[in-house]
């Protein structure tokens, strides 16, 4: 056996040498781990800085960053200094430990254990509390900036006669400072008490005095500071009553002072403030008297006073003074709440006028003519026809439309018309093969606008497209069609480098392009590539050969994301919408300034108030993330995002808003003046939906100006549920060009209906002029229906539609086979004292994957019609024909697509015949014949596709789709059927 000691018979084994290598290895790994963590943190910071610089809003990044850093260090150091100083002072005031008690002897081992590390322990404790306090303070950067940059409202609250800016900008900062002071006092008190106990200044079980004179004085001062801060809190609570939320059984949610607040809580807070000041002085007096007796008595009296004066006394006042005569007592305060709430939500100027609800005109021909001019009735529901756009105008699977299209106004031949439109955005789910190169380099953008007349459908119920095909062409003229930024574009793309992008396809095959815009961040630097590889978790970015000279990375590509990033102090509307402006596609985004510090104005929760039947099915359009409560809102900013360059511009829309002025002081040169808005852009600006939804919710109660009526609740309204579906959610407001009673011409408006609380008859019709740039823009009008007459509301009208025997039978036939009936927007239009209801009805057939307009429901004055066209339905309702008879449909039969290939043309002719046969069968309700026709249509289209593919292969062509109707008759993702022409040629 060898000698393990290393004698002559064997080698010496040096135990311990390998441990040095292990320690070196562990140290190296630790250093690498720290460097890796540091680089991850750097990557997040660096990529953010690069992005803000790329959009030319680097000042937002630097202002926010330096504000956070400043708050972090100032309040972190203050907290660390406060706690550290009191620990040091407690240690300095420790008594001598000559005759230690048993209690102190048991603590001696702890003192001995920490003695060598006292400084390090003190540093660790102060650093920890400093880091926590600094991180908390940095989150208050908005509060700081609003306080230091606040501008006056020039409006005073009715109780304390202070400018509203005190409550909106000053009071939140004072409350933060007070909370910080409480935290510092409590932590210092705990730290000092523990130090005194550890070093004998405080005793728990030892006989004799429980605290030394030095410990008594020290802790008394800290308790005095705490009580003094409580006195400040009582004083601020007086002003806080003006913005305090409470439950008020007469009205529900309430903000501001009520009778009990003004006559019980307010004097109670003043008395408690005085008691707290006296109590704090008693604590400070222990520095000289060295006794706890008076401070403890004072503190007990303060607690007792808080219970009796601050709790019991207000309850007695409420019970015995207010409740026996509540309306008389609360009326003056309700008037203040009414005025403040109407001012804060911009509904003070609402025009409320009585409306009879029934027409007294006997001339039906005159009513019929008025029906043609009172409104541009929209038959194309933007929330229904998206699948139709998808089927007829998708063209390629990798394009897609939003589930809710948008409504805008465009002029043709000098006349404005309501238009339903959407962008053909990139849809990664439709890419033939998903991989990193395809998803991020090849397929990078959408292409073109698709638009249709809002008031018309063709003879087959399809939209009448005014902008169509790929590349898009039509009434919008020439514009930059690539869509690099859009609502559906959520992934990053790398463009402008050696890898070409797919632009679009035409008769000659795929067209490629390379991004020429200046958007995005350059990846030329290895540091940038490494930072994005880490930030996005994509190591390929670091070493991929597809990235080279000129490569730029595009991200944060939805309009909402971009505006939120460059203006984090704004609340963004849930529905950005596109418009063609000056040869470019611009996303228009409405943005709001808000506060919850407007005295006496009732609060609302944005996420709940802006929810309706559309947001229930399409959450990205709601302000669902905004669950914070506000009691002041202004549409103060209009923003645009260029769909090609991603450039973000903010325009000052409300020039009087003090909240916006405050943020413009904090972030100078970020918001352009209202005068910078071009006339072309102004023509497409509109009143935002989310703001109107907030205002209509407030108007359910605050349409009245009389306190007694408000308190009685007899005039409370509600927003009715959407009767066209079973979601149980509120009916959405609708954009509609219409004219109100007394107006001479139509105006683009946003409209809604109101019903009495808990009932289905109509209470009011509410509209707002949504046409920006006109004198009446933003004017809210309320047509109030008489309470003594029952006027049917939307739910009753829908029930009448469904219960009419002839209509019910027609709908049953439309639902034959596996077809589905979908109800479009139920539009309400005031007409000659009565109300005209119009609802388009769509059918989605078994083989048809998209809805087509088949019928129009109309009711007026108790008369109902269910006809193929709006004109026919109006004629039947009024029993007269229009003298002008404007065309409400394109009744000309569209020309079928053609092909130069005889085999393809024969198959297309068969497809057209099968399509026509199917439509005839559909009109007759012959579902067996309809099914046979659809089968023949599918067979014919398959033959056309096969023949075209064979011809393309023999000719060496690409087999590309021909959007103008001259190709194979089948488009990727567009379903079977010839590609549509402007009028919407047949597509199965």
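Extending each Cα 7 Å along its Cβ direction at residue 274 and residue 291, get the distance between those two points in nm, one decimal.
About 2.6 nm separates the two model spin labels.
Can you tell me the order of 368-379, 632-643 when each peptide is scored by its average per-residue count of other Cβ atoms within 10 angstrom, highest first?
On the way: 368-379: 21.2, 632-643: 24.9.
Highest-to-lowest ranking by the protection proxy: 632-643, 368-379.
Give the percent of DSSP beta bridges with both residues in the chain that are antiparallel, rounded to the nearest 5.
Values: 104 of 111 bridges.
Of those bridges, close to 95 percent are antiparallel.
Let me see the pair-distance distribution of the chain: every alpha carbon pair, 20 Å bin width, integer percents in order.
So the P(r) values, bin by bin, are 11, 32, 30, 18, 8, 1, 0.
Can you tell me which of 168-176, 51-59 comes out highest on packing, and rank the rest after it, using the mean Cβ neighbours within 10 Å? Let's see the in-between values first.
Numbers: 168-176: 19.4, 51-59: 17.1.
Per-residue Cβ counts within 10 Å, averaged per peptide and sorted highest first, yield 168-176, 51-59.
Region 671-736 to region 496-530: how many Å between their Cα centroids?
After rounding, the separation between the Cα centres reads 43 Å.
Most exposed first by the Cβ proxy, i.e. fewest other Cβ within 10 Å, how do 351, 475, 418 rank?
Values: 351 10, 475 18, 418 22.
Arranged by neighbour count, lowest to highest, 351, 475, 418 become 351, 475, 418.
Pop the C-beta distance of residue 303 and residue 262 into the FRET formula with R0 = 35 Å and round what comes out to the nearest 0.05. Could the numbers behind the result be given before it?
On the way: r = 25 Å, r/R0 = 0.71.
Once the sixth-power term is evaluated, E becomes 0.90.
Order by neighbour count: 703, 684, 154, fewest other Cβ atoms within 10 Å first, most last. Don't skip to the end; give the middle numbers.
On the way: 703 24, 684 19, 154 10.
Lowest count first: 154, 684, 703.
Any idea what the relative contact order of region 433-547 is, in percent, if you count C-alpha pairs under 8 Å spaced at least 6 apart? Provide the component values of the computation, followed by the final result.
On the way: 137 pairs, mean separation 26.4, N = 115.
Value for region 433-547: 23 percent.
How fast does region 379-483 diffuse by Stokes-Einstein, in µm²/s, taking the Kirkwood radius from C-alpha pairs at 25 °C and 0.890 mPa s?
On the way: Rh = 14.4 Å.
Rounded to a whole number, D works out at 171 µm²/s.
Roughly how tilted is helix 102-114, in degrees to the nearest 10 and between 0 and 90, from the longest Cα axis of the chain?
Roughly 60 degrees between the two axes.
Starting from 0.36 nm per residue, how many nanometres of slack lie between residue 799 and residue 920 once their C-alpha separation is accounted for?
On the way: separation 121, 0.36 × 121 = 43.56 nm, distance 2.97 nm.
Residue separation times 0.36 nm, minus the Cα-Cα distance, leaves 40.6 nm.
Give the Rg/Rh ratio for region 558-685, taking Rg as the radius of gyration of the Cα atoms and Rh as the Kirkwood radius, to two decimals.
Expressed as Rg/Rh, it is 0.97.
Kindly express, to the nearest 10 degrees and within the range 0 to 90, the angle between helix 266-289's C-alpha long axis and the longest C-alpha principal axis of the chain.
30
Give me 488, 705, 693 ranked fewest to most by other Cβ atoms within 10 Å of their Cβ, as a rough exposure proxy.
Working: 488 20, 705 14, 693 25.
If I rank by nearby Cβ atoms, fewest first, I get 705, 488, 693.
So how tilted is helix 17-54 from the main axis of the chain? Cα-based, degrees 0 to 90, rounded to 10.
Once rounded, one gets 50 degrees.
Grab the DSSP H runs of the chain that are 4 residues or longer, score each as -39,500 (n - 2.57), total them, divide by all residues and round the 222 nm result to the nearest 500 deg cm²/dmol. Write down the numbers at each step before the final one.
On the way: 27 runs with 397 residues, N = 988.
It comes out at -13000 deg cm²/dmol, rounded to the nearest 500.
What is region 222-367's relative contact order, in percent, from Cα pairs under 8 angstrom and six or more apart in sequence? Please report the intermediate quantities before stating the final value.
Values: 109 pairs, mean separation 35.1, N = 146.
For region 222-367, the relative contact order is 24 percent.
Give me P(r) over region 230-389, computed from all C-alpha to C-alpha distances, binned every 5 Å, as integer percentages.
The distribution over region 230-389 is 1, 7, 10, 11, 10, 9, 8, 7, 7, 6, 5, 5, 4, 3, 3, 2, 2, 1, 1, 0, given as percents.
In terms of the Cα gyration tensor, with a ≥ b ≥ c the square roots of its eigenvalues, is region 339-389 rounded because a/c is under 1.5, prolate because a/b exceeds b/c, or oblate? Walk me through the intermediate numbers first.
Values: a/c = 3.96, a/b = 1.17, b/c = 3.38.
It is oblate, given that a/c is not under 1.5 and a/b is not larger than b/c.
Just to be sure I understand the model, the point goes 7 Å from the Cα along the line to the Cβ. What's the resulting residue 161 to residue 29 distance in nm?
Reported label-point gap for residue 161 and residue 29 is 7.4 nm.
Tell me, what is the Rg over Rh of region 780-879, with Rh the Kirkwood radius over Cα pairs?
With Rg and the Kirkwood Rh in hand, the quotient comes to 1.02.
What are the principal axis extents of the Cα atoms in region 486-621, in Å, biggest first?
Per principal axis, max minus min of the Cα coordinates gives 62, 43, 30 Å.
Contour minus end-to-end for residue 744 and residue 510, with contour as 0.36 nm per residue of separation and end-to-end as the Cα-Cα distance?
Answer, rounded to one decimal: 79.1 nm.
Please tell me the relative contact order of the chain in percent, rounded to the nearest whole number, where contacts are Cα pairs under 8 Å and at least six residues apart. Spell out each step's value before the answer.
Working: 1881 pairs, mean separation 119.0, N = 988.
So the answer I get is 12 percent.
Would you please put 301-311, 65-75, 761-771, 775-785 in order of how densely packed they are, using the mean number of other Cβ atoms within 10 angstrom per residue and starting with the highest? The partial results should precede the final answer.
Working: 301-311: 14.8, 65-75: 16.6, 761-771: 23.8, 775-785: 18.5.
For the peptides 301-311, 65-75, 761-771, 775-785, the packing ranking is 761-771, 775-785, 65-75, 301-311.
Work out, step by step, the length gained on full extension between residue 244 and residue 48: first 0.36 nm times the residue separation, then minus their alpha carbon distance; give nm to one decimal. Please report the intermediate quantities before stating the final value.
Values: separation 196, 0.36 × 196 = 70.56 nm, distance 3.82 nm.
That pair, residue 244 and residue 48, stretches by 66.7 nm at full extension.
A short reminder: the numbers here are calculations on the coordinates, not readings from a lab. Treat the numbers as computed from the prediction; the structure is a model and nothing was measured. For neighbour counting, all protein chains shown are included, and Cβ atoms are generated from backbone atoms with ideal geometry for every residue, glycine included.
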